[in-house]
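See structure below.
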Amino acid sequence: MPREVIVVGGGIVGCATAYFCARDGMRVTLLEREMIGYGASGRNPGWLWLHCRTPGFALDISRAGRKLYPELLDELPGGFEFRASGGLMYFMTPDQGSVFEAFVAARGADGLDISLIDGAEVRRLVPPIRTDVLGASYCSEDAQIVTSTVVDALVRGARAEGASIREGVAVERIVVDGDRVVGVDTDAGRSTGDAVVIATGAWSTRLLAPTGIEVPIGGERLQIVSTVPQPFWIEPLVYGPNATKQYALFRDLPSWDPSLFTTEGDDPDGLTFLPLLVQRASGEVLLGCATDYPDDLDPDPTLAGLAQIAAGFAADFPALRNVPVTRSWAGILPFTPDQAPVIDEVLPGLFVGAGHAFGNTSGPVTGLVLSQLIAGREPSFDIAACRYGRPLDPIAVGAPTHW
């Protein structure tokens, strides 16, 4: 078993890897350029979304991750925010309802615990929604976390097992000796180890390229705003009808008609609006997401994106029109062309866990699998779909992607 492991990246994948490796008795150093949870793991709305995960790898790893969270909640010091809340996607017209009926039937055949609920039940679950909502698909398997609290708990667990967590250390290059990776050079000097793990999300491509490892990973910017705490309570995750366009599980239905889910003024300025809402335990409500694909991985929100969010929620959630907003932010969601991350030993001593389009569900499982790979054990989850070297198209810079 390797004795010294260097983990690069302080998001959910890197922190999970550090925790599981340290728990296995390895000496672990985690290096993070900024601060723990600075990137996507500190900026996403915390969805554990099984509702629209395609059968096969995506659904399997999402279910494995969903199952792992209660176990982590029991074993990590200090706990984290997790809620088995369920999730829904609402619709507004009878024609949309027909598409949702077919979607629910197909998802049920895939084994999901999913049903069609009526408008009255939607209004009970989501009090501020417009009164003419007709219904929704509802999946009890969906859940939510505050991802930053999960990352913090993983760090506490890793430290309790002896790991060193170093923030504000920028990795500049991967060090190769012969045919083996032996460490990394940073702005604070060289760190060496028997195994190096790259878990830097959308930034992994640039870090790996000088070693000859080509891993095409794009970045989708998600823009979000949050409100002051509200007196009502919204238990489930909430997605609007326009989000259906993002998922092949809807687009491949015989009854699918994109005109049913398109309204005048949709997607201006190269932005796509995926109406998303979640209420945290604090009472604050997160509203998103205006999405686009900047070529420079810019994690800052834009005025156009915030305007799109405000207009979309004023229409479907009139009770929120005058609610004070406390902050806005954006995060970069990594993805590969086939939507599966790369989880593998790509060179002797060099391991990659990157490109997680749904990292909240797959991140902790990835950390567990990477610790098993590093230890020379058989992974407890089948990662055949995630191996390095599988055919992947180049990322088209600026071009939107769909799941």
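The values are calculated or read from the model by the stated rules, or taken from the named source; none is laboratory data. Here the structure is a predicted model, which means the values were calculated and not measured. When we count neighbours, we look across all protein chains shown, and the Cβ atoms used for this are built from the backbone with ideal geometry, even at glycine. Remember, those area values only see protein heavy atoms, side chains included, never the ligands or the DNA or RNA. Shrake-Rupley method; radii C 1.70, N 1.55, O 1.52, S 1.80 Å.
Please calculate the 1.4 Å probe accessible area of C52, with all protein chains present, and give it to the nearest 10 Å².
Here the residue's solvent-accessible area equals roughly 0 Å².
First measure r as the distance between the Cβ atoms of T262 and T54, then evaluate 1/(1 + (r/R0)^6) with R0 = 25 Å and state the FRET efficiency to the nearest 0.05.
The calculated FRET efficiency here is 0.65.
Tell me which trypsin sites (Lys or Arg not before Pro) from segment 140-226 have a DSSP coil assignment and no more than 14 other beta carbons within 10 Å of their own.
none
Do any chymotrypsin sites (Phe, Trp or Tyr not before Pro) in segment 210-270 lie in a loop, going by DSSP, with at most 12 other beta-carbon atoms within 10 Å of their beta carbon, and if so which?
Those satisfying the criteria are F232, W233.
With everything on Cα atoms, drop me the angle between helix 303-316 and the longest principal axis of the chain, reported from 0 to 90° to the nearest 10.
Long axis of 303-316 versus the principal axis of the chain: about 40 degrees.
Quick one: the Cα spread of the chain along its three principal axes, in angstroms, biggest first?
Principal-axis extents of the Cα atoms in the chain, largest first: 65, 42, 40 Å.
Run the helix sum for the chain: -39,500 (n - 2.57) per DSSP H stretch of 4+ residues, divided by residue count, reported at 222 nm to the nearest 500 deg cm²/dmol.
Calculated mean residue ellipticity at 222 nm is -8000 deg cm²/dmol.
Hey, could you pull the Cα Rg and Dmax for segment 277-363, both in Å?
Every Cα atom of segment 277-363 included, Rg and Dmax give 17.3, 57 Å.
Note down the accessible area of M89, probe 1.4 Å, to the nearest 10 Å².
Its accessible surface works out to 0 Å², give or take rounding.
What does the accessible area of L125 come to, in Å² to the nearest 10, when a probe of 1.4 Å is used?
30 Å²
How much length would be gained if the chain were fully extended between A281 and E75, taking 0.36 nm per residue of separation minus their Cα-Cα distance, in nm to one decimal?
So the extension gain works out to 72.0 nm.
Report, in degrees rounded to the nearest 10, the 0 to 90 angle that the Cα long axis of helix 147-160 makes with the longest principal axis of the chain.
30 degrees
How far is helix 57-75 tilted, in degrees, relative to the longest principal axis of the Cα atoms in the chain, given as a value from 0 to 90 rounded to the nearest 10?
Relative to the chain, helix 57-75 is tipped by roughly 70 degrees.
Take every DSSP beta bridge with both residues inside the chain and express the antiparallel ones as a percent of the total, to the nearest 5.
Details: 53 of 72 bridges.
Antiparallel bridges: around 75 percent, rounded to the nearest 5.
Return the distance in nm (one decimal) between the two label points of a simple spin-label model at W233 and D269, each offset 7 Å from Cα along Cα→Cβ.
3.7 nm
Placing +1 at every Lys and Arg Cβ and -1 at every Asp and Glu Cβ, with all other atoms neutral, what dipole size does the chain have around its Cα centre, in debye to the nearest 20?
Approximately 740 debye in magnitude.
In what order, largest first, do E4, E71 sit by accessible area if the probe radius is 1.4 Å?
Output order, biggest surface exposure first: E71, E4.
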